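The values are calculated or read from the model by the stated rules, or taken from the named source; none is laboratory data. This is a predicted model, so every value here is computed, not measured. Neighbour counts are summed over all protein chains in view; Cβ atoms, including those assigned to glycine, are modelled from backbone coordinates with ideal geometry.
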């Protein structure tokens, strides 16, 4: 690009750079813009390159053309900054192929200076998964910027999110929360069931019912407000709050149940509306009916109403919100009509119906309860409590609110206050003006009016009583000044509540489906239109509602949903309590008027009310939640929401570790805790699986990876451990991963042994594979390998060396298979495969630069190339040497056989304990334990009896015990010959000096250690004779004495000891501290 050739750049989203629509801002403000993201017509920047001060030079805007902004002047042009070294270097192809925009807010450049550092900005924190476009630590810290380390697919940027939200309808706290909560709380109960509740429970207990409901809802609202103000709240309402606090298990379970409960609530409100329509038809239509004027008419009207409301909901949130405002206005007028009518003296007909205006006798009679047969306080409470479920109406559409963190607390709490006052006033009016039950009988053709005795409602009319609080559901109409207004109010209350639930249930269900917690319901997550309306979820909701509408009985439907809502309230309170006691730094709610102990009391109260209302329904509810919880927990959904249960788990673990640190260790609580030198775990899967058979669910296991380099300041990306931990998790291996960088293997292993673990939770046993190629290795390499064993004993570790005849390391072969397969998949381990496109390597070598990576396994998790195999030239020196290594050697069930334990020297019991623990694993259940021990000729029977008694006291099950008397016998000539050939290359020659070759074996050393050397050869002969068919051989590891046994001689010992055995050989030595005891 030259200054004479201006380039026109189209800006993606002008509002992103001009938040207030004002382009006349300070000229020093600047933004980052990637050229591949500038795809919007109407705004153009003409840019010329700035003077090249350094490699991070920018481009400067010289002219702005924008029909959207209305400015065409160089003075109004903003600076658009590019970082050529980051986007236009040899890796610029990444930018040109990027699919996600990466645009920074204006002012990201620190104080207008030329630097990669960025000022704090909203955009860096908007992504919940931590993926941002801020400069990475490596970009800031390292001199050379490696574009390969930058994520290929960035997150959604601010501009996208603004654009999406700007095109959808968003509500404030009044229209979005207050109005919805008021309509839902009043709902069907206000006019149709409140008077019945007063007639059954009396004014006194009705106040208790209303206030208990209010207390439960207020406490829940306080907890909900705290959670809502602790970060951004998205769509899903109660499901979102619970799932992001308690995790996907509780969230998924309650989300599914809560969505169904809201669908059932639709049926409850529509049945209440239909009951009113039937009464109106009977009273104002001269007994008009559709079929029978009863349940069937309710069903027909209910189905038609449900379909009509579905049409309104599908029309969009904007139309639904307008309808809610109109319905609230009607409802307020009806409430005013009710209050005014209570002061108007009754007519004769109203007296016959039980209405007496304000009457002290009526008040006295109605103040005490008068439950009819089959009803009690809790059954009445169960019917009324669904009125309290309306507090979640606003939260359920949290994704459609402008500011949920402000709107939900303010609107919900105010709605509870207003609705509770109205409920109390209307309950007192009903209790002071209307008789509980009116008995109408005809005596001598004259009408006789008589109130039922206060002992309880007794109907003297054989045809049934029709009036009074208990029997007449239209009492509110009788009290009112103008009856039709009450009918309109009932219509408004029931229809508004039904409409809110029709909207809420699909929104909640859509949020559950989006998170993919449950399988095969993804279709319900799909949204349509600018408001992302879940039409499929609407159809499911209305189908469930129609099924319950067929019941046609409001009193039968109401208790069904009470328990589901109570469980939801309990979990919201529990979420707040757990988040509070976890003391996570991330728990910083903006709403301060909550208390963790009040939240806990609210949780217990909700659970208690559940069982008091109906213990059978409560058990069903709990069982349903438990089953769904177990299902989600078993499937382990791939989500990480930073839940409060994670924070609580951390706190609990930290407290436990600190507590353990105060206690001295005891032999009864000893557990072998393993540090396994695997390198990258996927390179030695057989070793990882083998040790996991001992450690799984019982002990600590850490896979150690040592990166040897001359420059320890350079740490490989693989040591971040992302792909290693993912591999361990996918293969259900309960292990940690720890990587270090060191100048040699020994110092790296020493670092791992000293620093791995925390408190008492740290390794005490080192596991490493046998070095198969030791005869061809340099003396420094052998010194490092044996030095690791010396260091382990110095650090009081036990040591285990595992030998397979085919070896463990398949890292070189895995790379070869990945890079040479036509399909790019390592077919030897199909659950851990990397799929890559490989550019041709130089000179025809099977290697090249990796440009695309895909992790192909049971879970689809994108990983960086450096997480699986190193990018660049990869060559395979000898793939045939490791081709026969079976990575699944210890994954499948082992064949029936024996585990032979050669416990030759007492090391504290570790050599006996670990094979016993292996035998307990299900994959080794067909293998019996056989114990071999050294004995003295002539005393074999006594020693065998003593050892059998000791093993029995240790409670170690064994199938055979053999005492070997000839361990110290001289080995055969063939064994001696093989050993001489083995050590001959490492013997000090006559023309060599020990000072020049200090690592070589001297004749004096070999002579002084002749007995130990003979013992290793003899033991190998005994192993071939007695354990050649064993499934696993465990034998005491020879002790390498410092300054006595040279490194090569020690390697020759363990080579000789395990040579030629087809079974896995585990050579181990404890730290001489007891790990077994027969005391209880």
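Observations on the model:
- Within region 515-528, tally of residues that are touching a residue at least 24 places away in the same chain (Cβ under 8 Å) and either touching a helix residue (DSSP H, G or I) at 6+ places or on another chain (Cβ under 6 Å) or not assigned by TED's automatic domain parsing to the domain that holds residue 183 (or both): 1
Yes/no matrix, rows are residues, columns are (1) at pLDDT below 90; (2) in a helix (DSSP H, G or I):
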position	(1), (2)
676	no, no
692	no, yes
697	yes, no
712	yes, no
719	yes, yes
732	yes, no
738	no, no
749	no, yes
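- Filtering 363, 417 for residues that are modelled with pLDDT of 85 or more, within 22 Å of residue 342 (Cβ to Cβ) and in the same structural domain as residue 185 (by TED's automatic domain parsing) leaves a single hit, 363.
- One residue stands out in region 1029-1073 among those that are assigned to a loop (DSSP other than H, G, I, E, B) and under 41 Å from the mean Cα position of the chain (by Cα): the one that is surrounded by the fewest Cβ atoms within 10 Å (Cβ to Cβ), namely 1071.
- Inspection of region 895-914 identifies no residue that is touching a helix residue (DSSP H, G or I) at 6+ places or on another chain (Cβ under 9 Å), surrounded by fewer than 16 Cβ atoms within 10 Å (Cβ to Cβ) and modelled with pLDDT under 90.
- Counting only helices (runs of 4 or more DSSP H) that fall entirely inside region 275-360 and contain at least 3 residues that are under 45 Å from the mean Cα position of the chain (by Cα), the qualifying elements are 295-314, 317-341.
- Test: residue 603 is on the phi < 0 side of the Ramachandran plot, assigned by TED's automatic domain parsing to the domain that holds residue 229 and at pLDDT 85 or above: no
- Of everything in region 547-583 that is modelled with pLDDT of 80 or more and not in a helix (DSSP H, G or I), the residue that is farthest from residue 605 (Cα to Cα) is 550.
- Scanning region 926-966 for residues that are part of a loop (DSSP other than H, G, I, E, B) and touching a residue at least 12 places away in the same chain (Cβ under 8 Å) returns 926, 935, 936, 937, 954, 955, 956, 957, 958, 959, 965, 966.
- Residue match in region 343-352 (condition: in the same structural domain as residue 511 (by TED's automatic domain parsing) and surrounded by 20 or more Cβ atoms within 10 Å (Cβ to Cβ)): no
- Only listed residue being touching a strand residue (DSSP E or B) at 6+ places or on another chain (Cβ under 9 Å), surrounded by fewer than 24 Cβ atoms within 10 Å (Cβ to Cβ) and modelled with pLDDT of 80 or more, chosen from 410, 402: 402
- Test: residue in region 502-513 that is under 26 Å from residue 634 (Cα atoms), within 21 Å of the chain's Cα centre (by Cα) and free of Cβ contacts under 8 Å to residues at least 40 places away in the same chain: yes
- Considering only residues in region 205-240 that are buried (at least 24 other Cβ atoms within 10 Å of the Cβ) and not in a helix (DSSP H, G or I), the one that is modelled with the lowest pLDDT turns out to be 237.
- For beta carbons closer than 6 Å, sequence separation of 6+ or different chains, a first residue in region 571-597 that is under 27 Å from residue 609 (Cβ atoms) and a second that is modelled with pLDDT under 85 and not in a helix (DSSP H, G or I), the qualifying pairs are 579/587; 589/229; 589/230; 591/229.
- Residue selected from region 780-829 under the condition more than 36 Å from the chain's Cα centre (by Cα) and assigned to a loop (DSSP other than H, G, I, E, B), by the criterion modelled with the lowest pLDDT: 822
- The residue that is modelled with the lowest pLDDT, counting only those in region 168-193 that are surrounded by fewer than 21 Cβ atoms within 10 Å (Cβ to Cβ) and out of contact with any strand residue (DSSP E or B) (no Cβ under 9 Å at 6 or more places or on another chain), is 168.
- Flag if residue 691 is surrounded by fewer than 18 Cβ atoms within 10 Å (Cβ to Cβ) and either touching a strand residue (DSSP E or B) at 6+ places or on another chain (Cβ under 9 Å) or free of Cβ contacts under 8 Å to residues at least 60 places away in the same chain (or both): no
- Within region 638-655, the set of residues being in a helix (DSSP H, G or I) and either touching a residue at least 12 places away in the same chain (Cβ under 8 Å) or more than 17 Å from the chain's Cα centre (by Cα) (or both) comprises 644, 645, 646, 647, 648, 650, 651, 652, 653, 654, 655.
- When we screen 571, 560 for residues that are closer than 16 Å to residue 237 by Cα, buried (at least 18 other Cβ atoms within 10 Å of the Cβ) and assigned by TED's automatic domain parsing to the domain that holds residue 318, the only hit is 571.
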